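Visitor: Here you go, one structure.
The values are calculated or read from the model by the stated rules, or taken from the named source; none is laboratory data. As the structure is a prediction and not an experimental result, all values here were calculated from the model. Here the Cβ positions follow ideal geometry from the backbone for every residue, glycine too, while neighbour counts run over all protein chains shown.
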Amino acid sequence: MVLMVSEEVRDAIATGRPVVALESTIIAHGLPRPRNLQVARELEAAVRREGAVPATIAVLDGMPRVGLDKEQLERVANEGGIRKLGHRDLPLAVAAGASGATTVSATALLAALAGIRVFATGGLGGVHREWTVTQDESADLGLLARTRITVVCAGVKSILDVPATLQRLETLGVAVAGYGTDRFPGFYLSDSGHPVDWRLDTPEEVARVMRAQDALGGPESALIVANPVPEDEQLDPGTHARVLDEALRACEAAGVTGQGVTPFLLDHLVRHTDGASLEANLAAVRGNVGLAARVAAAWAAGA
Ligand code: PSU
Ligand code: MN
């Protein structure tokens with residue numbers, strides 16, 4: 001067995017009930033303890049409130065798991081040695097018997113393998129500023145170009161080069177639509193300052209695009225539903241610009257590279273905005289999880 005799907009999730013998939021995949025990197029490496037465990041539970045509860053089954057995904061002792069029980073979720077939130085796993089790390093973690101939280105790329109891959117079509121997260125990874133020097137582009141983008149899944153997110157993390165990331169998504173052939181907006185959301189901010197070509201306004205419209213993807217039978221790529229954080233819950237744009245600038249400089253000064261960059265920047269923002277970035281991040285994720293559950297319901301109902 002290479003993949004363990006929990007009984008509840010397996011049952012929901014088999015009977016055609018709505019399921020929402022949730023990633024675990026945000027829990028283990030994107031949020032401070034002990035708030036991270038509360039959030040992990042809260043997100044699962046939010047999926048259930050909308051009538052869908054949550055499937056949080058992680059690797060524990062070398063076993064990729066889709067749907068975690070109470071103790072497994074606690075391990076992801078609290079265990080010291082939990083690694084950060086992109087999709088390329090999965091075979092290494094399995095063979096080593098290692099435990100790790102899955103990023104968007106690894107979560108999307110495992111969710112699709114399990115037969116789950118809808119996935120909610122905070123913000124996607126993408127092209128980092130300074131890309132010309134570091135060549136740092138998240139593996140999220142390449143994986144979403146070849147995985148048939150719908151990702152509900154608040155755009156891409158604003159610590160990134162947003163227009164370059166949008167361009168890469170276009171080049172890679174990944175479909176992107178704003179949800180209830182013509183503006184591409186900016187993760188902590190409702191508007192990244194960039195437009196988006198397509199707009200969808202209801203879960204049924206999203207489900208229709210998913211069906212059209214399958215009917216057309218092109219490359220097995222994802223659909224990104226970019227759902228903005230409500231304007232009254234966004235991070236103050238002035239604070240965002242100032243603190244992000246400091247965070248990027250601190251990251252460079254600390255010599256952080258590779259997988260460490262995103263957690264470093266997110267953590268810096270939390271500490272230097274008095275937690276305001278955390279609240280905006282959580283508001284975005286909450287909105288995405290609720291919408292993903294409604295999309296999964298529309299998809300399951302054949303809308
Ligand atoms: N969204 C959040 N917080 C996070 C992430 C997303 O609100 O911590 C994670 C996701 O798992 C995403 C990862 O895949 O950050 C990107 O990391 P990298 O830039 O190293 O690819
Ligand atoms: Mn990276």
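One line per residue, one yes/no per condition, for (1) more than 17 Å from the chain's Cα centre (by Cα); (2) modelled with pLDDT of 95 or more; (3) closer than 16 Å to V151 by Cβ; (4) within 11 Å of ligand 1 (Cβ to nearest atom):
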| residue | (1), (2), (3), (4) |
| --- | --- |
| A77 | no, yes, no, no |
| L110 | no, yes, yes, no |
| I116 | no, yes, yes, no |
| G122 | no, yes, yes, yes |
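Visitor: Please verify whether A52 is modelled with pLDDT of 95 or more, surrounded by 24 or more Cβ atoms within 10 Å (Cβ to Cβ) and in contact with a Pro (Cβ under 6 Å, 6 or more places away or on another chain), treating the condition exactly as stated.
Guide: Here the answer is yes, as A52 does meet what is asked.
Here's the yes/no breakdown for (1) surrounded by 21 or more Cβ atoms within 10 Å (Cβ to Cβ); (2) within 30 Å of G173 (Cβ to Cβ); (3) in contact with a Lys or Arg (Cβ under 6 Å, 6 or more places away or on another chain); (4) among the aliphatic types (A, V, I, L, M):
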residue	(1), (2), (3), (4)
P230	no, no, no, no
L235	yes, no, no, yes
T239	no, no, no, no
A254	no, no, no, yes
T257	no, yes, no, no
P263	no, yes, no, no
L266	yes, yes, no, yes
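Visitor: Considering each residue of the range 204-231, count those that are out of contact with any Leu (no Cβ under 7 Å at 6 or more places or on another chain), within 25 Å of L282 (Cβ to Cβ) and not hydrophobic (A, V, I, L, M, F, W, C), and give that number.
Guide: Adding up the residues that qualify gives 3.
Visitor: Name the single residue, out of those in the range 145-160 being within 16 Å of ligand 2 (Cβ to nearest atom) and out of contact with any helix residue (DSSP H, G or I) (no Cβ under 6 Å at 6 or more places or on another chain), that is nearest to A207 (Cα to Cα).
Guide: So the residue we want is K157.
Visitor: Give me a count of the residues in the range 65-101 that are part of a helix (DSSP H, G or I) and either among the β-branched types (V, I, T) or closer than 21 Å to G142 by Cα (or both).
Guide: The number of residues fulfilling the criteria is 9.
Visitor: As an exercise: evaluate V256 against (1) free of Cβ contacts under 8 Å to residues at least 12 places away in the same chain; (2) away from ligand 2 (no atom under 16 Å from the Cβ) and give the number of the one condition it does not meet.
Guide: (2)
Visitor: Still on this structure, please answer the following. Can you say whether D140 is of a type outside the set (A, V, I, L, M), in contact with a helix residue (DSSP H, G or I) (Cβ under 6 Å, 6 or more places away or on another chain) and within 13 Å of ligand 1 (Cβ to nearest atom), as far as the supplied structure shows?
Guide: In short, yes.
Visitor: Let me ask something additional. Are there any pairs with C-beta distances below 6 angstrom linking a residue in the range 180-206 that is within 16 Å of ligand 2 (Cβ to nearest atom) to a residue that is of a type outside the set (V, I, T) and not in a strand (DSSP E or B), with the two at least 6 apart or on different chains, and if so which?
Guide: Partner pairs satisfying both residue conditions: F187/G123; F187/A154; F187/K157; F187/S158.
Visitor: Ok, one more. Of the numbered conditions (1) under 23 Å from H268 (Cβ atoms); (2) outside any loop (DSSP other than H, G, I, E, B); (3) touching a strand residue (DSSP E or B) at 6+ places or on another chain (Cβ under 7 Å), L166 fails exactly one; give the number of that condition.
Guide: (1)
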